[in-house]
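Just below is one structure, and these are the notes that go with it.
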Amino acid sequence: MSRGGELYVATGNGSSRKLQDFDEGNSVVELSPSLQRLGFWAPSNWVQLNEADWDLGSAGPVGLPGMALLFAAGKPGTNGSVGYLMKDSPLGGIGAGAFTGPVCLKGGAFGADATDVLRIGKASHVVVYVPCGGGTGFFQDNSGGWWSSFFGNDSQSPFRDKPAIIKVDFAPDGRVIVAAHQPFVPAWKPKPSTS
């Protein structure tokens, strides 16, 4: 919800399979406090997303604190999920004005996204937490270590079908990786990535 009381919702798949018959499937819709439609945004490939059962609405859009921006992501495509960062009002229509980037590389976004402002003053920055199928967002402890919530759902998971908090590190190329030392599972060693 915005400071002005507008509500932002994301929709799942529509039934339309033609560009000229936009039905607001796989879109973000802006509603007034009285629930009147004020505007919408949809990715330019919304027809393909409908056909692929992509469901942008599998995770709701979230506003970034102190900024006129929204973030939204959905279920995975063939190469993971895509996140969209867009201006919150007015929303730009089909394919307009959104930055896109990869999120949830091994699963889609399901549930509720969240944001937080870390630190105060010039060093502050906004973090978006995305509920990914293989792990949620990240948080930093008081000692500077990074952690992620995690739900093991593949054969390499140390916590198969159980939720956990795992320690993470950052590879030299910026990728997030599972830390070799896990304080709560001393015998577990991460398997080398095959990708």
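The values are calculated or read from the model by the stated rules, or taken from the named source; none is laboratory data. Please read all numbers here as calculations on a predicted model, not as lab measurements. FYI the Cβ positions are ideal-geometry reconstructions off the backbone, even for glycines, and counts take in every protein chain you see.
Being in a strand (DSSP E or B), in contact with a Leu (Cβ under 7 Å, 6 or more places away or on another chain) and within 18 Å of GLY93 (Cβ to Cβ): is that true of LEU38 here? Yes: the conditions hold for LEU38. For region 56-67, the criterion of a residue being in contact with a Pro (Cβ under 9 Å, 6 or more places away or on another chain), on the phi > 0 side of the Ramachandran plot and in a strand (DSSP E or B) is satisfied by no position. Exactly one condition in (1) touching a strand residue (DSSP E or B) at 6+ places or on another chain (Cβ under 6 Å); (2) over 23 Å from CYS132 (Cα atoms); (3) crowded, with 16+ Cβ neighbours inside 10 Å is not met by SER32; state its number. Looking at each condition in turn, SER32 falls short on (3). Look through region 67-99, keep the residues that are surrounded by 13 or more Cβ atoms within 10 Å (Cβ to Cβ) and among the β-branched types (Val, Ile, Thr), and return whichever of them is modelled with the lowest pLDDT. Within region 67-99, the match that is modelled with the lowest pLDDT is VAL82. If you go through region 1-28 and keep only what is under 20 Å from the mean Cα position of the chain (by Cα), free of Cβ contacts under 8 Å to residues at least 60 places away in the same chain and not in a loop (DSSP other than H, G, I, E, B), you end up with LEU7, VAL9. Every test in (1) in a strand (DSSP E or B); (2) at pLDDT 75 or above; (3) buried (at least 18 other Cβ atoms within 10 Å of the Cβ) is passed by PRO102 save one, and that test is (3). Can you say whether LEU85 is in contact with a Leu (Cβ under 8 Å, 6 or more places away or on another chain) and not in a strand (DSSP E or B), as far as the supplied structure shows? Answer is no for this residue.
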